[in-house]
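A.B. asks: For reference, the structure I am asking about is given below.
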Amino acid sequence: MSDQSSIQEVKRPERATADTVAKLAGVSRVAVSRAFNPHASLKKEKRELILKIAKDVGYTPDMAARALVTRRSHLVGVIVPDVCSPWESQEIDALTTALQAEGFATLLFKTRTDQSMDERLLTYMKGFNLDSIIAFAENVTPDTLAHSLGRAVPIYVSYSEDGSLPNQPKSTSVFDRLIVDQKNGIDQAVALMQAYGCKRFAYLGGTTTSLANTERERAFKCVMNERGLPEPLVLQGDYTYESALASTLDLFQVGEGVDGIFSANDVGAFGVIDALRFKLGLRVPEDVKVVGFDDIAQSGWLSYNLTTVKIDLEDRVRALVRLILRRLKDPNAPAMIETLQTRLIVRGTVGS
């Protein structure tokens with residue numbers, strides 16, 4: 001007997017189907033489909049039974065087949081300029097978690113350093129038949145995405161008061177927006193710094209290509225003017241710790257210094273604080289008051305204890321998910337808008 005003939009043929013078990021689960025659970029095939037859709041109407045006990053049986057027999061829905069029937073891929077694209085900085089990484093983590101809870105998978109697309117998109121990535125996007133896409137990179141225009149998305153309507157985060165996307169040509173495509181009102185939180189920050197005696201202010205900026213930074217600087221100058229305060233010095237930054245530290249050293253070693261610094265983000269504020277304390281021998285907040293923006297998790301660390309303008313991450317993610325669900329419910333509706341407020345979180349870098 002040859003070696004080959006002695007090898008017993010192993011029959012693979014057949015893959016469990018929705019019909020298999022339906023038969024074992026004593027329900028219809030439609031009920032099985034509904035059990036895997038978190039938004040579908042189904043009694044809790046029946047859903048739990050179906051999901052348990054499906055797990056026992058190793059059944060999972062064929063998402064490709066379902067997409068052909070429902071015209072839904074359950075995929076959400078996210079375009080980001082950066083995935084390493086604390087704010088972006090925390091937001092992506094929270095957003096991915098929230099989308100998964102709603103039955104969506106997330107596809108991440110990264111822009112070039114100038115926040116433009118590689119043409120090949122735009123081609124890939126269309127092939128995925130995305131249900132929605134969130135663009136955190138303002139330089140990728142709605143019209144550009146409309147040509148690559150087909151049915152999906154993109155979502156943008158706008159920091160301007162009217163919800164527009166500054167410095168972009170007027171769009172002919174529908175896009176939904178989450179408007180972040182920065183001015184309220186910035187006004188609270190300036191009021192607190194002013195109350196503690198600040199007279200000479202500096203604004204530490206982010207990257208010049210960031211529309212969020214452009215609007216943040218505009219809002220800060222507007223608040224200063226409304227409060228009768230002089231025009232602030234503007235320090236060049238790029239949202240990094242290193243550039244913030246270097247700009248702060250230049251401000252005090254070459255320039256005349258200030259008694260209050262507002263940073264466009266928290267990481268920049270960390271660089272400011274370390275430059276003041278460890279390089280210049282100044283005290284925070286006694287000699288210089290410092291305020292950041294974002295309220296990332298590290299802002300509460302005792303080494304910084306940073307007073308900062310908070311964008312509530314949970315509220316922001318919830319608003320973005322709402323926009324996705326609203327759009328899927330009404331695909332042909334006009335542009336949809338959600339609005340998010342900011343507020344000051346007072347810790348220890350302005351007053352004791």
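The values are calculated or read from the model by the stated rules, or taken from the named source; none is laboratory data. The structure presented is a predicted model; accordingly, all values stated were derived computationally and were not measured. Cβ coordinates were reconstructed from backbone atoms using ideal geometry, including for glycine residues, and neighbour counts include every protein chain displayed. SASA here: full protein model, heavy atoms, side chains in, ligands and nucleic acids out. Shrake-Rupley method; radii C 1.70, N 1.55, O 1.52, S 1.80 Å.
A.B. asks: Scan segment 163-180 and tell me whether some residue there is polar (S, T, N, Q) and at positive phi.
C.D. replies: yes
A.B. asks: Restricting attention to segment 242-255, which residues are part of a loop (DSSP other than H, G, I, E, B) and in contact (Cβ under 8 Å) with a residue 12 or more places away in the chain?
C.D. replies: G255, the sole residue that qualifies.
A.B. asks: Give just the number: which of (1) open to solvent by 20 Å² or more (accessible area, probe 1.4 Å); (2) touching a Phe, Trp or Tyr at 6+ places or on another chain (Cβ under 6 Å); (3) under 24 Å from V157 (Cβ atoms) does D295 not satisfy?
C.D. replies: (2)
A.B. asks: What pairs come up if the first residue lies in segment 184-204 and is among the acidic types (D, E), the second is open to solvent by less than 10 Å² (accessible area, probe 1.4 Å), and their beta carbons are under 6 Å apart, counting only those six or more places apart or on different chains?
C.D. replies: D187/V223
A.B. asks: OK, next. Hey, among V317, V321, V346, which residue is touching a Leu at 6+ places or on another chain (Cβ under 8 Å), at negative phi, open to solvent by 60 Å² or more (accessible area, probe 1.4 Å) and modelled with pLDDT of 95 or more?
C.D. replies: V346
A.B. asks: Across segment 124-135, what is the number of residues that are part of a loop (DSSP other than H, G, I, E, B) and open to solvent by 30 Å² or more (accessible area, probe 1.4 Å)?
C.D. replies: Going through segment 124-135 one residue at a time, the tally reaches 1.
A.B. asks: Examine segment 265-288 for a residue that is open to solvent by less than 60 Å² (accessible area, probe 1.4 Å), in contact (Cβ under 8 Å) with a residue 40 or more places away in the chain and touching an Asp or Glu at 6+ places or on another chain (Cβ under 6 Å), and state whether such a residue exists.
C.D. replies: Yes, segment 265-288 contains a residue that is open to solvent by less than 60 Å² (accessible area, probe 1.4 Å), in contact (Cβ under 8 Å) with a residue 40 or more places away in the chain and touching an Asp or Glu at 6+ places or on another chain (Cβ under 6 Å).
A.B. asks: Then there's this: Any residue at all in segment 67-89 that's at pLDDT below 95, closer than 21 Å to Y124 by Cα and basic (K, R)?
C.D. replies: Within segment 67-89, one or more residues are at pLDDT below 95, closer than 21 Å to Y124 by Cα and basic (K, R).
A.B. asks: Output the strands (runs of 3 or more DSSP E) that fall wholly within segment 148-239 and possess 1 or more residues being among the hydroxyl-bearing types (S, T, Y) and open to solvent by less than 30 Å² (accessible area, probe 1.4 Å), or say none.
C.D. replies: Correct list: 154-158, 201-204.
A.B. asks: Write out, first by first residue and then by second, each pair whose Cβ atoms fall under 6 Å of each other, whose residues are 6+ apart or on separate chains, and whose first residue, in segment 115-132, is within 21 Å of S210 (Cα to Cα) while the second is assigned to a loop (DSSP other than H, G, I, E, B) and open to solvent by less than 40 Å² (accessible area, probe 1.4 Å).
C.D. replies: Q115/P81; Q115/A137; M117/T111; M117/V140
A.B. asks: Quick check on my filter: what residues within segment 259-293 are assigned to a loop (DSSP other than H, G, I, E, B) and among the β-branched types (V, I, T)?
C.D. replies: V284, V288
A.B. asks: Another question, if that's okay. Would segment 286-296 turn up any residue that is within 26 Å of the chain's Cα centre (by Cα), of a type in the set (F, W, Y), at pLDDT 95 or above and under 16 Å from Q90 (Cβ atoms)?
C.D. replies: Looking through segment 286-296, at least one residue is within 26 Å of the chain's Cα centre (by Cα), of a type in the set (F, W, Y), at pLDDT 95 or above and under 16 Å from Q90 (Cβ atoms).
A.B. asks: Now, a different point. Provide a single number: the residues in segment 199-258 that are on the phi > 0 side of the Ramachandran plot and hydroxyl-bearing (S, T, Y).
C.D. replies: 1
A.B. asks: Conditions: (1) open to solvent by 10 Å² or more (accessible area, probe 1.4 Å); (2) assigned to a loop (DSSP other than H, G, I, E, B); (3) under 30 Å from D238 (Cα atoms); (4) free of Cβ contacts under 8 Å to residues at least 60 places away in the same chain. N139 meets all but one. Number of the miss?
C.D. replies: Single failed check for N139: (4).
A.B. asks: Right, here's the next one. Looking at segment 294-308, is at least one residue part of a strand (DSSP E or B) and not acidic (D, E)?
C.D. replies: yes
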